[in-house]
Amino acid sequence: MEAKASVKFVRISPRKVGIVCEQIRGKSVKDAEAILALIPKAASDPLAKLVHAAAANAENNHGMDPEKLYVAEALVSPGPIIKRFRPVSKGRAHHIMKRTSHMTIVVKER
């Protein structure tokens, strides 16, 4: 039995989110929430909300014991890229790629 929560179109690069996902993968939900509270990265806030939502889904929708939950999967995939241009010297323009992420957290019971 598993419970999941996901969020899409978060304006953080998938590479930056992946670094934080590696830290919580396989940890218990309590440990993951403590780790995310202390990591000074922008991706830790949406991931902390996502872990909390997945744990709530497991408890309320599937009747799992919240003490036995752990983060089975922490996935991040790239979303659409918002493309912008920035003017530079000699009348030229450089591309700015504003990347987005789709994040999914799956919790299971031990």
query: When you scan the range 1-15, how many residues do you find that are at pLDDT 95 or above and exposed (fewer than 15 other Cβ atoms within 10 Å of the Cβ)?
result: 5
Test for residue 57: is it more than 20 Å from residue 99 (Cβ to Cβ), buried (at least 17 other Cβ atoms within 10 Å of the Cβ) and of a type in the set (S, T, N, Q): yes
message: Which count do you get for residues in the range 1-51 that are in a strand (DSSP E or B) and among the polar types (S, T, N, Q)?
response: 2
Flag for residue 54 being touching a Lys or Arg at 6+ places or on another chain (Cβ under 7 Å), touching a residue at least 40 places away in the same chain (Cβ under 8 Å) and assigned to a helix (DSSP H, G or I): yes
query: Is it the case that the range 13-29 has a residue that's within 21 Å of residue 1 (Cα to Cα) and among the acidic types (Asp, Glu)?
result: no
task: Determine whether the range 41-50 contains at least one residue that is hydroxyl-bearing (Ser, Thr, Tyr), surrounded by 14 or more Cβ atoms within 10 Å (Cβ to Cβ) and touching a strand residue (DSSP E or B) at 6+ places or on another chain (Cβ under 7 Å).
output: no
task: Restrict the check to the range 72-91 and report whether at least one residue is under 17 Å from residue 6 (Cα atoms), touching a residue at least 24 places away in the same chain (Cβ under 8 Å), part of a strand (DSSP E or B) and over 11 Å from the mean Cα position of the chain (by Cα).
output: yes
- request: Answer yes if at least one residue in the range 59-71 is within 18 Å of the chain's Cα centre (by Cα), at pLDDT 95 or above and outside any strand (DSSP E or B), and no otherwise.
  value: no
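The values are calculated or read from the model by the stated rules, or taken from the named source; none is laboratory data. Source: prediction; values computed, not measured. Positions of Cβ are backbone-derived with ideal geometry, glycine not excepted, and every protein chain shown enters the neighbour counts.
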